[in-house]
1. Across peptide B:326-333, how many C-beta atoms of other chains are within 10 Å of each residue C-beta, on average?
2. Using the per-residue mean of other Cβ atoms lying within 10 Å as a proxy for protection, in what order, highest first, do the peptides A:258-266, B:93-101, A:18-26 fall?
3. Could you work out the equivalent-ellipsoid semi-axes for chain B, taking the square root of 5 times each eigenvalue of the Cα gyration tensor, largest first, in whole Å?
4. For segment A:328-344, what does the Karplus curve 6.51 cos²θ - 1.76 cosθ + 1.60, with θ = phi - 60°, yield as ³J(HN,Hα) per residue in whole Hz, taken in order and with x for Gly and Pro?
5. Taking the Cα centre of chain B as origin and charging only Cβ (+1 Lys, Arg; -1 Asp, Glu), how large is the dipole, in debye to the nearest 20?
6. Across bins of 10 angstrom width beginning at 0, how are the C-alpha pair distances of the protein assembly as shown distributed, in whole percent?
7. Go through A:157-163, A:140-146, B:282-288 and give me the packing order, highest mean Cβ count within 10 Å leading.
8. For label points placed 7 Å from Cα toward Cβ, what is the shortest-first list of nm distances from A:Gly301 to its copies?
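Only the coordinates and a few stated rules stand behind these numbers; no lab work does. These figures come from a predicted structure and were not determined experimentally. Because the Cβ atoms are built from the backbone with ideal geometry, glycine has one as well, and the counts that use them run over all protein chains shown.
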Protein chains: 2
Amino acid sequence: MKSGLQFLLAARRSEITELERLSRSSALVGAVGALTHAVQRERGITNVFLASGGERFGPLRLEQIAQTDGLRQPVLDAFEALDSGPDHHPNGARLFNRIAGVMHELDGLAALRAQVAQQRMTPRAATEAYSRLVGGLLAVVFEAADSAGDPAIARALVALFNFMQGKEFAGQERAHGAAVFASLHIDAPQVARWRHLVELQQQAFDVFRDFADPALASVAQGQQPPGNDAEVERLRHVGWTLGQLAMDEGLASRWYDAMTARIDAMRATEELLASHLRSLCAHKIEEARALLQDEAALLAGSAAAPGAGDLPARLAPQLERSVLALVQEQSQRLQAMGEELEAVRATLNERKLIERAKGVLMAHRQLSEEDAYKLMRQMAMNQKRRIGDVAEALLSMAEVLPGKPR
Amino acid sequence: MKSGLQFLLAARRSEITELERLSRSSALVGAVGALTHAVQRERGITNVFLASGGERFGPLRLEQIAQTDGLRQPVLDAFEALDSGPDHHPNGARLFNRIAGVMHELDGLAALRAQVAQQRMTPRAATEAYSRLVGGLLAVVFEAADSAGDPAIARALVALFNFMQGKEFAGQERAHGAAVFASLHIDAPQVARWRHLVELQQQAFDVFRDFADPALASVAQGQQPPGNDAEVERLRHVGWTLGQLAMDEGLASRWYDAMTARIDAMRATEELLASHLRSLCAHKIEEARALLQDEAALLAGSAAAPGAGDLPARLAPQLERSVLALVQEQSQRLQAMGEELEAVRATLNERKLIERAKGVLMAHRQLSEEDAYKLMRQMAMNQKRRIGDVAEALLSMAEVLPGKPR
């Protein structure tokens, strides 16, 4: 049974290797989160700089550029370490492909900034270029999160990714609102886009709350600056009805400040989530190492046991039983972990189903994203079914739905 | 864009590493398949040896033991190589845990054979001990198959695993039938068990046909010895109605020979599948290496391009565009592979749903496995739905179904 124990230890070591990989992924996610936040700030500042014809935020922009560049190197180092590191990432091809995309955007940053400095760009085009970079950075986090083999870490990564995604939609809302307030005008598609960005934030934070440790989720709730919610709601209302209300040039600043305070608070939460993730990894590694030590001691004991030779029949039957019990206990634990991970994936898949069904409804019924979602929610309530079931039923009926895809 | 290209290459290398890992897993599966077949033969021979009070198959048994032992070392070597090898298996913990279980059974083989030689065991107990070893070996194949990241290889592995599983149910049917014919008596639970083994074979071979390359599936169909199907059907019918029919001591031999011919033919198919899997891996590795070379040449070209320095702005715009196109093309390809893999998993998950729903029906309605399956199939036909959807609906209603779980 010595040989059985040997592979029991190999299984444990394999778990530790996987946890160490997740720990490095978590560190990468931390560095990417910091850079993402800086790029989001640079995007917001650039937006105001361009919209004001270079009057406002000129020095602030240069300061922010320096800050962004300072946070760029740790990310490049982390990317480089992944490429030259010893471990084979199970999701490596997708992860490196995403990194290649980010490198392309980062390489274009100098040219983008030069155009901004010379004001040869619209605020909208600059926002789009910065958003592509942020999107690429988030895609890296997504791939890192997608392959976690430990259910608790997988949940924490999914929660963090969706929090970052929600924060990015808040950043896009800041840019969108700033452009509207700067022009002192809004049209129907702009209102729709704005409402959509608010809804996307809610969806992302809903997923965050579903997957996050409840204690962390409630801390996150409490980290918003007091009065910020009401101020943002007020300004949204003003923005969405700008046609009818008195115009006010101070609105752009108030909006920018309120959204920046909100997003900066989100960054604090994000750091908390990232640090929780790192300690979760560290704790799991420590735990697994302690168990490995116990088991290795058992293996050493079995080798040294009186009468124990190469033939297992000569091993103490008690030791053999205990090793078999360990193998079975390990098997049950791994099975339970696999099922838990399956449940995490099922929840994510359900969300994907809802997204796809929403797309089908939008195409076949010419509905807005918001109305498509509301319709599904209403159907679920009427039929007393979960919205995921409604989405699945809709998808299976997609071919026979009235109307043509757009 | 040189840096983007660097990570494009890293993605490609990561694909190759994963393919090489799958290639080693396929070699492991080949070795395990050979040992499994030998253990199945040893089980069948042992069964006849014990049932005949040591009269029959004595020398054949010793021959088979030598053959089994000869096939044991390559498997042990492959296990050892996995443990000391460089690559981290994404599924390593589960795989090594399964291996630990197999090592435990292999360690017990000498004691098992000693008891058989002294005829201190019932045929049934010996069959069960051998079946545990076979089950453990198949579990290793399952874990190796479960983590394939390439959809074509994943399908081939799923097909092979299910073929091996079907072959094992055929082996269990051989043992069960041999015991019945040896005792010249059958009772209702024995008939039910026998029918169940036939159904399990059909299910496993259905999955095999769903996932296998159609050309290979039809080759597999043709590899059965002529007339074998009819002979097995005839003997099954005799076995299931033994109470009513004339007894015949020659039946045990005829049954053993017919089933052995059938299982040996399956072994030939299994070797074909395993060799197809190995060439699939080799072909994919070759293909990916050729592409890597092309891309590396592009990288070398970009470094040597006139005017190309550290600043990407100075790179030839044409090269930059072509690299961006490569990144996007790679991204789309990986996305498509991910979706294909998702479809493979969905099909497997649907099968698991059907199994679970069958269990619920059996418990709540006191149905046999066969009747539970027939009921679901009937419901699916009546409701014009897929059987997977019926299974899902049944599971979601499990709490409100009439009757109590057993």
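1. 4
2. Per-residue Cβ counts within 10 Å, averaged per peptide and sorted highest first, yield B:93-101, A:18-26, A:258-266.
3. So the three semi-axes of chain B are 48, 28, 18 Å.
4. 5, 5, 4, 4, 5, 5, 5, 4, 5, 4, x, 5, 5, 5, 4, 5, 4
5. Roughly 800 debye for chain B.
6. 2, 11, 18, 21, 19, 13, 8, 5, 2, 1, 0
7. A:157-163, A:140-146, B:282-288
8. Its label point is 6.5 nm from the equivalent points in the other copies.
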